[in-house]
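First comes the structure, then the notes that go with it.
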Amino acid sequence: MAGKRNRGGDLAGTEANSEFGYYVPRSYWASRLAPYAGEWAGVGAVWLAGEGLHLWLASATALPWVSTGETLLGTGLTALTWMCSKARSVLTRRHATATTGLIAAWLTTATITGATVTPVLQLWALGGATVALSWNIRRLLRKSNEAGGDGLFEKVKLAGVRAGEIEVGPNKVTAPLQLTSAETSVADVQAQADTMGRLLHLHKGAVRVTEDPDDQARGTLTIVPQDVLRHPQPWQGPSAPGGSIMQGLRVGLYEDNEPQLLFLPGDKRTHRNATHQWTPEAFERYGMPYVVLWIEEAPRVLEDATTVTRIVQEARSAGISVVLSLQKASFRQMSTDTRSQLGAVWCFGVNELEDAAYTLDEQVIDAGARPDRWKNRRPGCNYLVGPGIPEERFAVAGRTFAATDAQLAADIEAGKPYRAALHPITATALGLPIRPGEVDGMPATATSATGGSSVTESDEAWEEDDDVAFDEMVDDLDEEEVDTLVPLPATHEPDLDVTADTELPNDPDMPLPQDRLSPTQARELLAEMIEQLAASGRTTITVRDLPDPEQAFGRGRSWLSGQLGQLVLDGTLTEAGVDGKAIVYAFRARNAA
């Protein structure tokens with residue numbers, strides 16, 4: 001039976017190939033020696049070629065031409081070897097070039113004198129043995145070094161890369177990389193990550209390479225054999241109920257089962273950067289808690305780019321994190337001014353890798369981030385980039401927890417006692433109650449899900465705290481700041497007797513403030529202007545053909561550019577080129593006059 005062949009057969013056992021924990025079959029001694037026989041067979045073939053060329057071409061008339069031709073051919077082959085071995089290490093390149101040059105020189109000599117005369121025969125025996133043995137030694141050392149991963153890099157033509165001691169963890173293998181060739185960069189290794197994954201029979205994105213921030217000749221190879229993100233993990237509940245917002249929010253798990261943390265406020269003690277100026281003292285002294293404003297389907301809000309940018313800028317100084325959620329982030333959807341004010345990126349699955357280039361940095365994508373491999377088939381799979389997150393984690397995939405609506409509703413209800421009350425000014429500005437569950441300004445009683453005591457607070461207490469906070473703010477001002485405060489004006493025109501029933505003067509030239517157009521009115525006005533241009537016989541337009549958007553629509557130029565881009569998507573216009581820095585839009589046949 002086939003099972004009886006196990007003793008001494010091909011499947012007699014396996015020996016570990018420590019290259020990333022895979023195994024190769026144990027083989028016979030003959031098969032182990034076979035890879036080294038090719039160099040010695042080549043030495044014999046060179047002697048036969050030299051003697052054969054001598055017997056064939058060593059005539060008085062042909063020999064001068066043959067020797068000259070062989071010299072030129074040998075020189076050309078040596079140069080070609082040097083050029084073709086550019087992707088190899090420096091030592092391999094020099095070894096191969098020297099071998100080609102020695103063989104070409106000996107063949108030329110043997111053609112002239114013959115391969116059996118002294119010292120040509122001796123040079124062949126000693127030189128050929130030396131060359132064959134040198135290549136045997138290199139092969140032997142390369143096999144012994146495959147434990148460091150060098151064999152893998154040879155296969156992807158990155159012989160100038162050496163792997164250090166391999167660390168094996170739960171579903172993760174890491175190895176430090178050292179670039180031994182000045183012609184090889186970490187970017188070259190990153191470009192071959194998918195190829196290495198195919199050679200190791202792993203899923204797409206399983207191999208990542210990151211560059212050492214302190215040494216361009218070093219990097220780290222990370223291999224994740226199993227895709228543990230295939231199935232989401234169950235919801236684990238809030239991160240730290242009753243804790244501080246300064247702690248990281250556990251939003252999911254990385255592919256190595258480490259918690260995925262999102263940090264909102266900055267922390268001077270740990271040198272964690274932030275896109276705002278809020279500190280815990282703002283709540284302790286003035287009762288201003290940290291606020292998160294989360295906007296889903298943000299493109300409709302982003303249509304007014306100027307206002308959104310202003311809101312995000314002012315929110316930074318008020319301790320408010322603004323989160324803008326988009327199905328597809330692009331320059332048409334979000335202006336660069338708004339994007340620059342946002343401190344973190346949370347990228348989920350996209351259709352094409354180019355779709356993620358607007359949010360993820362080029363370095364993160366080069367390091368192996370591939371959100372395009374999920375598309376919309378893996379809800380919750382993501383890459384998280386932001387303050388407080390180690391840079392080596394930027395290209396590590398994670399997945400959010402799977403929670404039901406009932407679970408979230410129960411946790412929100414249970415978290416009411418822990419939620420800080422909004423400052424009255426903040427609550428008024430946002431149109432929210434001071435405390436969750438308030439009705440008509442009266443604080444409701446909140447009870448924890450575990451049966452805890454109720455938490456209530458009166459408006460009088462807030463008003464008293466407000467007075468104390470205001471007095472403390474005034475006391476914090478130094479004398480110079482007080483001197484620079486502008487006093488409130490007295491009666492502007494004391495001789496002017498004006499009452500609520502006084503009619504305004506009839507002055508047609510006096511500009512009066514106009515109500516700002518709603519988004520729908522602004523779009524309708526823009527469409528009307530474009531129809532008028534088409535009716536006048538125009539075939540193309542640019543933004544210069546339209547009035548100042550601030551005056552005409554009450555919006556910035558980015559809004560106008562975004563609307564024109566939307567008309568292209570709707571089929572009303574087409575992009576016909578560029579005039580300077582302005583895009584030229586052409587009317588379709590149905591709109592042309």
- Query: So what does Asp337 come to for accessible area, using a 1.4 Å probe and Å² rounded to 10?
  - Reply: 100
- So for the pair Leu91, Gln363, with labels modelled 7 Å out along Cα→Cβ, what separation do we get in nm? 3.3
- Note on the structure: Relative contact order in percent for segment 149-223 (Cα pairs under 8 Å, 6+ apart) equals 29
- State the percentage of accessible surface on segment 519-587 attributable to carbon and sulfur atoms; use a 1.4 Å probe and exclude ligands, DNA and RNA. 50
- Message: If each residue of separation counts as 0.36 nm, what is the full-extension length gain between Leu249 and Val323 once their alpha-carbon separation is subtracted?
- Response: 25.2 nm
- Item | Length released on extending from Ser340 to Trp82, taking residue separation times 0.36 nm less the Cα-Cα span | 88.0 nm
- Message: Run the numbers for Leu126 and Trp40: contour at 0.36 nm per residue of separation, minus the present Cα-Cα distance, in nm.
- Response: 29.8 nm
- Message: Give me the percent of accessible area attributable to carbon and sulfur for segment 233-430, probe 1.4 angstrom.
- Response: 52
- Query: How much area per residue is accessible in segment 273-342 when the probe is 1.4 Å and only protein heavy atoms are counted (Å²)?
  - Reply: 57
- How high is the FRET efficiency from Ser59 to Glu165, r the C-beta distance, R0 60 Å, rounded to 0.05? 0.45
- What accessible area, in Å² to the nearest ten, does a 1.4 Å probe give for Glu167? 120
- Query: From the cross-link list Lys155/Lys375; Lys157/Lys581; Lys86/Lys204; Lys328/Lys581; Lys204/Lys416; Lys172/Lys416, which pairs have alpha carbons spaced over 32 Å apart?
  - Reply: Lys157/Lys581; Lys204/Lys416; Lys172/Lys416
- Go through Thr92, Thr404 and list them by solvent-accessible area, largest first, probe radius 1.4 Å. Thr404, Thr92
- Item | Heavy-atom accessible area ranking, 1.4 Å probe, most first, across His271, His231 | His271, His231
- Where Lys157, Lys172, Lys328 fall by accessible area, highest first, once all protein chains stay in place (1.4 Å): Lys157, Lys328, Lys172
- Thr68 accessible area, assembled protein chains, probe 1.4 Å, Å²: 80
- Task: Treat each spin label as a single point 7 Å out from the Cα along the C-beta direction, and report the Glu391 to Glu314 distance in nm.
- Result: 3.6
- Task: Can you figure out the FRET efficiency of Arg138 with Thr113, using R₀ = 35 Å and their beta-carbon distance, to the nearest 0.05?
- Result: 0.65
- Item | Percentage relative contact order, segment 166-263, counting C-alpha pairs under 8 Å, at least six apart | 24
- Task: Using only alpha carbon pairs under 8 Å that are at least six residues apart, calculate the relative contact order of segment 32-146 and give it in whole percent.
- Result: 39
- Query: Applying 1/(1 + (r/R0)^6) with R0 = 60 Å to the Cβ-Cβ distance of Thr574 and Thr71, what FRET efficiency is obtained, to the nearest 0.05?
  - Reply: 0.40
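The values are calculated or read from the model by the stated rules, or taken from the named source; none is laboratory data. Note that this is a predicted model, so its numbers are computed, not measured. For neighbour counting, all protein chains shown are included, and Cβ atoms are generated from backbone atoms with ideal geometry for every residue, glycine included. Each accessible area value is taken on the protein alone, full model and side chains, heavy atoms only, with ligands, DNA and RNA left out. Shrake-Rupley method; radii C 1.70, N 1.55, O 1.52, S 1.80 Å.
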